[in-house]
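Student: Before I ask anything, let me first share the structure, which is written out below as structure tokens.
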Amino acid sequence: MPTLNVDLPQNSYQIIIEKGLLNRISEEIKKVYTNKKIAIITDNNIEELYGDKIRKELEIDFQVRMIVLEPGEKSKSLEVLEGVYNELLDFQITRGDLILAFGGGVIGDLAGFAASTLLRGIPYIQIPTSLLAQIDSSVGGKVAVNLPQGKNLVGSFYQPSAVLIDPELLATLDKRYFYDGMAEVIKYACILDKELFEDLLGFTERELFENMERIIFKCCYMKKDIVVRDELDTGERMVLNFGHTLGHVIEKQYKYSKYTHGEAVAIGMYHITKNSEDMGKTKKGTANLIKKVLSKYQLPYEMPAIDREKILQTIGLDKKNKGQYINLILIKEIGQVYIEKINNKDISSYM
Ligand SMILES: NC(=O)c1ccc[n+]([C@@H]2O[C@H](COP(=O)([O-])OP(=O)(O)OC[C@H]3O[C@@H](n4cnc5c(N)ncnc54)[C@H](O)[C@@H]3O)[C@@H](O)[C@H]2O)c1
């Protein structure tokens, strides 16, 4: 079974990726947890599809409580978090017990944050179910909830005791969410893995699914490799933000409704590469390759019309802030990422 070790100074753990892993989830959990109580935090969609299965599997060895939330980003709120704290306390959870984050990135972030804060920290395991969660949000220990002022404004770094990934769960994922996750797969390929990029360009739909375990492994490998060198996101980890600066602007401009996160990042990756190519900082033809792969996975690449001043304001650089710098993530060619520190006065050329 494909396994990755995440070796961090305070906490080392494994990421296990295996088709059908949910069928023997209890066995894996017992390797890192020896007490009795488990609180599963999930959403309605996952509960409906996999609730009975996981409950039956775990109830043989553990005392289980299932906390089921509304699906979607609105559940990543302080209000929902408070409800989760109440249910966990009602279950009389202690610091020796375990929380399972069983769902997409919303559940992973919220359950992880609840685990990191209640009783000053309860161990938790990530069982990610969306493609985005399996290749990105479940790895790296960033957990958070949103505030009305913005996304992920209250959060912490809190590493799980394990990340258990069953690629078979993706079979029930809605197509738009699947392609949303593919945008982040494409991002990893663009920044660090030319071979993966070429595979993605060449795969038939069947080959994509046949290779999903390997793709997830490669993405988790790249992320954990960066995380172990920069756990607290103070330097190298920012290369994972390729396409995200413009992506965030687009998401915000359309109030997080018209474009998914992945779609906005897709546009960001193409647009910044097209501009860096025009400036001679990226190998000719790279933007076109990105456009080709994005189109293949039903992702947009065309930049919507957003006022330039608005873009600069949103990224925190406007006319008032002369002399400020921003770190932009660029690629020299497919698979070769680098960080460029750019002065405010030059930023427009990249946007
Ligand atoms: N912590 C991090 O490092 C990190 C990184 C990237 C994104 N995120 C966060 O992740 C969140 C987005 O995650 P997401 O895209 O997984 O969203 P999500 O959790 O809302 O899941 C998307 C939808 O798919 C459904 N779903 C999930 N798995 C399914 C399955 N196997 N079968 C059927 N339906 C399924 C969910 O119920 C939901 O409706 C955002 O809040 C974002 O901020 C966090």
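The values are calculated or read from the model by the stated rules, or taken from the named source; none is laboratory data. Keep in mind the model is a prediction, meaning the values are calculated, not measured. For neighbour counting, all protein chains shown are included, and Cβ atoms are generated from backbone atoms with ideal geometry for every residue, glycine included.
Student: Given the options Glu28, Glu48, name the one that is within 16 Å of the ligand (Cβ to nearest atom), assigned by TED's automatic domain parsing to the domain that holds Gln149 and either without any contact (Cβ under 8 Å) to a residue 24 or more places away in the chain or of a type in the set (D, E, K, R) (or both). Even if it seems obvious, please write down each step before you answer.
Tutor: On the way: Glu28 fails: within 16 Å of the ligand (Cβ to nearest atom).
The match here is Glu48.
Student: Something else about it: So which residues in the range 198-210 are more than 16 Å from the ligand (Cβ to nearest atom) and under 20 Å from the mean Cα position of the chain (by Cα), if there are any at all?
Tutor: Those that are more than 16 Å from the ligand (Cβ to nearest atom) and under 20 Å from the mean Cα position of the chain (by Cα): Leu200, Leu208.
Student: Within the range 64-98, restricting attention to residues that are touching a strand residue (DSSP E or B) at 6+ places or on another chain (Cβ under 7 Å) and of a type in the set (Gly, Ala, Ser), which residue is nearest to Ala144 (Cα to Cα)?
Tutor: Step by step, filter the range 64-98, then rank; the result is Ser77.
Student: How about the range 97-106: which of its residues are more than 13 Å from the ligand (Cβ to nearest atom) and either under 19 Å from Ile135 (Cβ atoms) or assigned to a strand (DSSP E or B) (or both)? Working first, answer last.
Tutor: Our first condition is that a residue be more than 13 Å from the ligand (Cβ to nearest atom); within the range 97-106, this holds for 97-100.
Hits for the range 97-106 are Leu98, Ile99, Leu100.
Student: May I pose another question? Scan the range 60-94 residue by residue and report those that are away from the ligand (no atom under 16 Å from the Cβ) and within 26 Å of Leu173 (Cα to Cα).
Tutor: Once the filter is applied, which keeps residues that are away from the ligand (no atom under 16 Å from the Cβ) and within 26 Å of Leu173 (Cα to Cα), the range 60-94 yields Val64, Arg65.
Student: I'm trying to understand the selection: among the residues of the range 158-173, which are touching a strand residue (DSSP E or B) at 6+ places or on another chain (Cβ under 6 Å) and hydrophobic (A, V, I, L, M, F, W, C)? Quick ask: steps written out before the conclusion?
Tutor: From the range 158-173, those touching a strand residue (DSSP E or B) at 6+ places or on another chain (Cβ under 6 Å) are 158, 160-165; that's our starting set.
Within the range 158-173, Ala162, Val163, Leu164, Ile165 qualify.
Student: It is to be established whether one or more residues within the range 91-99 are assigned by TED's automatic domain parsing to the domain that holds Gly112, within 23 Å of Met212 (Cα to Cα) and surrounded by fewer than 15 Cβ atoms within 10 Å (Cβ to Cβ). First the steps, then the outcome.
Tutor: Taking the range 91-99 as the starting set, the residues that turn out to be assigned by TED's automatic domain parsing to the domain that holds Gly112 are 91-99.
Add one more test, that the residue is within 23 Å of Met212 (Cα to Cα), and what stays is none.
Taking every residue of the range 91-99 in turn, none turns out to be assigned by TED's automatic domain parsing to the domain that holds Gly112, within 23 Å of Met212 (Cα to Cα) and surrounded by fewer than 15 Cβ atoms within 10 Å (Cβ to Cβ).
Student: Any residue at all in the range 31-42 that's touching a residue at least 40 places away in the same chain (Cβ under 8 Å), of a type in the set (Phe, Trp, Tyr) and either over 22 Å from Ser161 (Cα atoms) or in contact with a strand residue (DSSP E or B) (Cβ under 7 Å, 6 or more places away or on another chain) (or both)?
Tutor: There is at least one residue in the range 31-42 that is touching a residue at least 40 places away in the same chain (Cβ under 8 Å), of a type in the set (Phe, Trp, Tyr) and either over 22 Å from Ser161 (Cα atoms) or in contact with a strand residue (DSSP E or B) (Cβ under 7 Å, 6 or more places away or on another chain) (or both).
Student: Condition test on Arg229, is it of a type in the set (Lys, Arg), over 16 Å from Gln134 (Cβ atoms) and loosely packed, with under 14 Cβ neighbours inside 10 Å?
Tutor: Details: of a type in the set (Lys, Arg): yes; over 16 Å from Gln134 (Cβ atoms): yes; loosely packed, with under 14 Cβ neighbours inside 10 Å: yes.
Yes, satisfied.
Student: Can you name the residue in the range 80-96 that is in a helix (DSSP H, G or I) and aliphatic (A, V, I, L, M) and, of all such residues, is farthest from the chain's Cα centre (by Cα)?
Tutor: Here the answer is Leu89.
Student: State all residues of the range 216-227 that are away from the ligand (no atom under 16 Å from the Cβ) and in contact with a helix residue (DSSP H, G or I) (Cβ under 7 Å, 6 or more places away or on another chain); if no residue qualifies, say none.
Tutor: The answer is Lys218, and nothing else.
Student: Can I ask one more? (1) exposed (fewer than 15 other Cβ atoms within 10 Å of the Cβ); (2) touching a strand residue (DSSP E or B) at 6+ places or on another chain (Cβ under 8 Å); (3) not acidic (Asp, Glu): which one isn't true of Thr273, the others all being true?
Tutor: With (1) exposed (fewer than 15 other Cβ atoms within 10 Å of the Cβ); (2) touching a strand residue (DSSP E or B) at 6+ places or on another chain (Cβ under 8 Å); (3) not acidic (Asp, Glu) applied to Thr273, the lone miss is (1).
Student: Residues that are in contact (Cβ under 8 Å) with a residue 12 or more places away in the chain and within 13 Å of the ligand (Cβ to nearest atom): which strands (runs of 3 or more DSSP E) entirely in the range 107-197 hold 3 or more of them?
Tutor: Working: elements: 124-128, 142-147, 150-157, 162-165.
Here the list reads 124-128, 142-147, 150-157.
Student: Could I ask something else about it? Go through the range 235-264 and give me each residue that's part of a helix (DSSP H, G or I) and farther than 19 Å from Lys142 by Cα.
Tutor: Result: Leu246, Gly247, Val249, Ile250, Glu251, Lys252, Gln253, Glu263, Ala264.
Student: Could you tell me which numbered condition Phe178 fails, if it satisfies all but one of (1) under 13 Å from the mean Cα position of the chain (by Cα); (2) surrounded by fewer than 21 Cβ atoms within 10 Å (Cβ to Cβ); (3) within 30 Å of Arg95 (Cα to Cα)?
Tutor: (3)
Student: How many residues does the range 39-79 contain that are assigned to a helix (DSSP H, G or I) and surrounded by 18 or more Cβ atoms within 10 Å (Cβ to Cβ)?
Tutor: So in the range 39-79, the residues assigned to a helix (DSSP H, G or I) come out as 44-59, 73-75, 78-79.
Among the residues that remain, those that are also surrounded by 18 or more Cβ atoms within 10 Å (Cβ to Cβ) are: 45-47, 50, 54, 57-58, 75.
Selection size over the range 39-79: 8.
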